[in-house]
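We did not get these values from a lab; they are worked out from the coordinates using the rules stated. Note that the structure is predicted; figures quoted are calculated from it, not measured. Virtual Cβ from ideal backbone geometry, glycine too; neighbours counted across all protein chains shown.
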Amino acid sequence: MLIEKLDSPWELSVVDNAGEVPASEVGDEFVIKTERFLTDIKAQLMLMPRALTYTAGWRALVWKNKETGRFQDLTEEEYQSYIDGGIVAYTRANGSSAEQVEGTSGS
């Protein structure tokens, strides 16, 4: 439970800084040296907090079928459009084809 004084300028905050490493650049081991984290923490906070944790995980961009709940990877073109900030639309004729449906490429 957290109780804040009404006249205090302080509030409890979550501060973080995350980065990404493409999976294609990771081999059998994923090693992270803490020195870079500690340098960043000290630079941002100007202190070493007692309540410090490190987090590791994964995230992926995939298509999800609303009816079946199954997943499908993006095509290279869809992924490139996503990276470029363009429109990403599912343009395949069915769930297994990566070909564009006629008339959906636009101009």
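I'd like the FRET efficiency for LEU61 and TYR90, computed as 1/(1 + (r/R0)^6) with the beta carbon distance as r and R0 of 22 Å, rounded to 0.05. Efficiency, rounded to the nearest 0.05: 0.95. Each Lys or Arg adds one and each Asp or Glu takes one away; over the other residues whose Cβ falls under 10 Å from the Cβ of GLY19, this sums to -1. Applied to region 69-75, the Karplus parametrisation 6.51 cos²θ - 1.76 cosθ + 1.60 on θ = phi - 60° returns per-residue 3J(HN,Hα) values of x, 6, 10, 9, 6, 6, 6 Hz, with x for Gly and Pro.
Seen from ILE87, the other residues with C-beta closer than 14 Å to its C-beta sum to a net charge of -3, counting Lys and Arg as +1 and Asp and Glu as -1.
Distance between the pseudo-spin-label points of PHE30 and GLN72 (7 Å out from Cα toward the beta carbon): 2.7 nm. Available extension along the chain between VAL21 and ILE83 is 20.8 nm, counting 0.36 nm per residue and deducting the alpha carbon span.
Straight distance only, please: which aspartates and glutamates reach the Cα of LYS42 with their own Cα at less than 15 Å, same-chain residues fewer than 8 apart left out? Straight-line reach from LYS42, under 15 Å: ASP16.
Each of THR53 and ASP7 was given a label point 7 Å from its Cα along the Cα-to-Cβ line. The distance between the two points is 3.5 nm.
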